[in-house]
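Here the structure comes first, spelled out in structure tokens, and everything after it is commentary.
Only the coordinates and a few stated rules stand behind these numbers; no lab work does. All of these numbers come straight from a predicted model, not from anything done at the bench. Glycine also receives a Cβ, built like all others from the backbone with ideal geometry; neighbour counts cover every protein chain displayed.
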Amino acid sequence: MEARELLRTNFGFSDFRPGQLPVIEALLGGNSALAVFPTGGGKSLCYQLPALALDGVTVVVSPLIALMKDQIDFLQRRGVAAARLDSSLGLEETRAISDRLFNRTLKLLYVAPERFNNERFLAQMGRTKIALFAIDEAHCISEWGHNFRPDYLKLAEISRQIGVERVLALTATATPAVVVDICKGFDIAPEHTVLTGFYRPNLQLQTTPVDAARRDGLLLERLQRRAPGPTIVYVTLQKTAERVAADLQAGGLAASAYHAGMETDDRARVQDEWMASDGGIVVATIAFGMGIDKADVRYVYHYNLPKSLESYSQEIGRAGRDGEMSVVEMLACPDDVPTLENFAYGDTPSAGALHGLLRELLQAGAEFDVNLQDLSGRHDLRPLVLKTVLTYLELLGVLRQGTPVYAGYAVRPHVPLEEITAAFPGEPGRFVADIFAQARKGKTSNAVWYRLNADEVAAALGKERRRVVRALEVLEERGLVEMNASDVRQRFTRLRPEEDADALAAELARRFLAREAQEVARLRQVLDLVTHAGCQTNALVGYFGEKRPEPCGHCTYCRSRQRQKLPPLRPQPPLPAGLDVAQFHALRGAHPDALAEARQAARFLCGLSSPALTRAKLSRHPLFGVWEDRRFADVLAWSESAAARA
């Protein structure tokens, strides 16, 4: 069926939006493609429509569960066989989806990138005909993009490993350098890269410099005076969301807070109520709105500064998707800078953490596997930071990451063991019997479970580990057993026999410090946009490589013809003002694993969590975050001098 007919018949649209048809034609022609469309530009149709025309399943990789749910509901209403695999599903639901993949009755499968760390899922994908591999938020593959995620860097290799026929990379926020990274990673030819432009003529971009003391009153005034309409107010911290929402409620406005610290049911209620409203206000941290399709958002306010121009572009892009005029306003307060900078500084590991991690890895042997959660805790590295370190070691040629494996399996037979082995005559049946003979048998209140370690069983039987695991999977696929896997471990191979640990630690530190400096520079670019002497809209889209010949006519600069000035930073007393120094030194002495290094101490004082702080329950201590509004560099310098004097 021709693409336009599929569009009308299955999606009810009369014509394609800009950029959609070239992407779809490239895919239907057997090529991989990149689609760089603005938020709300119709990226999802670029894989939904080809999925109906191609022979095989389309696998959509997205970090956004909300997007998965919304799109699957839409597709199922249209009669399209679509499903998702995520941690919220039960065993029966997961098994039913696996059956549909096996029977080739599923057209679209949505998964998170972390799903590819699942050994069983990877094996299943290797046995599945994948016609199209669609990667949403593809800018995450770029090490120097604004939202680098190590799991994304591995997707390119995984796509080749499992034999996908074509790849579609999608993003709303890619600078020219990031576009090059994406195309290189997924082998996308330049002629199949489609960029539709970032300019949105219906968005009135406003920037308003304000000091912290006047910001609450200014926001309330804005919301009370303008015409009603669905509104998002973006803030940085969870506690700010709660406070601002309460202030707006006190001012007579129907506002609700939304952030990750809320209970799941409460978040869902707030989201559903806002989606159904024609004038509701949600005060939210940045996760809100991602993947949510509400076309009539009339206002997006940034109460706090966005952390980068990429984030800003994505967040304001949630306004006016219906094409109607919408206002996006940033209340630009320089006092936000220290808090935002601290998030960047908090991801830089301490010297001790890097040296300790490298010492363990380089002494582990030529091939080894580790539990990443345990490794994170031992070396006080947040999980994402640890994954980034391991990815850097792979890029440097030190390690090669293998497929993660489950060390432990629990198997519950649905029929007697004799019936299971009898279902596989000859050697296969004897092999199954030998597997169960190596397992530890135990009973729960109403069932018998066999627990085993796949590596140990394989060694005892003199067989390959993958054959043991595959045998268990076959039993589950045939409904003979129920199986639960546990203790996921990441496998590694050393690529060189000798390494200079000190040189490696120095190189890793250099990379993290470079990323730190880059994140801080991104924040400066936001402030530069506020004070830009020219069309701010053109400056914003120009950052992404789009050149416009004429000013927009409706940004703050175009309307005022004046360059804006930021208010000065609020004066702060010199450190250690606000800190009980004696209490802090006593705490530091009592918890050397969590606070001994100056960077650990600075993280604690700035309110930045880490595994060691969580393990010691120090994130609940009254001193945690006592300097969250101070610059991390200043707090780090104080911590270093305090340690030297102690």
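Remarks
- Projecting the alpha carbon convex hull of segment 220-363 along each direction and taking the average yields 11.3 nm².
- Overall form of segment 405-493 per C-alpha gyration tensor (a/c, 1.5; a/b vs b/c): oblate
- Pairs with C-alpha atoms separated by more than 18 Å, drawn from the list 184/387; 69/239; 43/69; 107/129, are 184/387; 69/239.
- Order of 393, 54, 605, 21 - criterion: other Cβ atoms within 10 Å of each residue's Cβ, fewest first: 21, 54, 393, 605
- When only alpha carbons are used to place a centre, segment 433-474 and segment 568-646 end up 49 Å from one another.
- Three-way shape call for segment 84-162 based on the alpha-carbon gyration tensor, with the a/c threshold at 1.5: prolate
- Extension gain, residue 370 back to residue 433 (0.36 nm per residue minus Cα-Cα distance, nm): 19.8 nm
- Of every Cα-Cα pair in segment 539-639, the percent that sits beyond 20 Å: 53
- Here is the list for segment 496-550: trypsin sites (Lys or Arg not before Pro) lying in DSSP coil, each with at most 10 other C-beta atoms within 10 angstrom of its C-beta, are 547.
- Note on residue 9/residue 95: beta-carbon distance plugged into 1/(1 + (r/R0)^6) with R0 of 41 Å gives a FRET efficiency of 0.80.
- Counting only Cα atoms, the size of segment 488-593 along its three principal axes is 59, 49, 30 Å, in decreasing order.
- Debye, to nearest 20: dipole size of segment 94-243, +1 on Lys, Arg Cβ, -1 on Asp, Glu Cβ: 540
- Ordering of 232-238, 614-620 by packing [mean C-beta count within 10 Å, highest first]: 232-238, 614-620
- Spacing of the modelled spin labels on residue 293 and residue 451, each 7 Å from Cα toward Cβ, amounts to 4.5 nm.
- With 0.36 nm allotted per residue and the present C-alpha distance subtracted, the residue 440-residue 25 stretch has 143.9 nm of extension available.
- Taking each DSSP H run with n ≥ 4 as -39500 (n - 2.57) and averaging over every residue of the chain yields -13000 deg cm²/dmol at 222 nm.
- Cβ-derived FRET efficiency at R0 25 Å, residue 324 paired with residue 243, nearest 0.05: 0.20
- When only alpha carbons are used to place a centre, segment 190-244 and segment 112-178 end up 31 Å from one another.
- Reachable aspartates and glutamates from residue 294, criterion Cα separation under 18 angstrom, eight or more residues apart if same chain: 70, 73, 272, 273, 278, 315, 322, 324
- Segment 136-266 shape via C-alpha gyration tensor axes, a/c threshold 1.5: prolate
- Distance between modelled label sites at residue 272 and residue 509, nm, 7 Å Cα→Cβ extension: 5.3
- Packing-based ranking of 432-440, 534-542 yields 534-542, 432-440, ordered from highest to lowest mean Cβ neighbour count within 10 Å.
- Based on Cα atoms of the chain, Rg over Rh with Rh as the Kirkwood radius reads 0.98.
- Kyte-Doolittle mean at least -1.0 and Cα axial length at least 15 Å: DSSP H helices in the chain: 65-77, 91-102, 176-186, 212-225, 238-250, 351-362, 383-395, 427-438, 465-477, 501-530, 632-645
- Three principal axis lengths of segment 309-372 [C-alpha, angstrom, descending]: 62, 31, 15
- Relative packing of 402-412, 6-16, which averages over residues the other C-beta atoms within 10 Å, highest first: 402-412, 6-16
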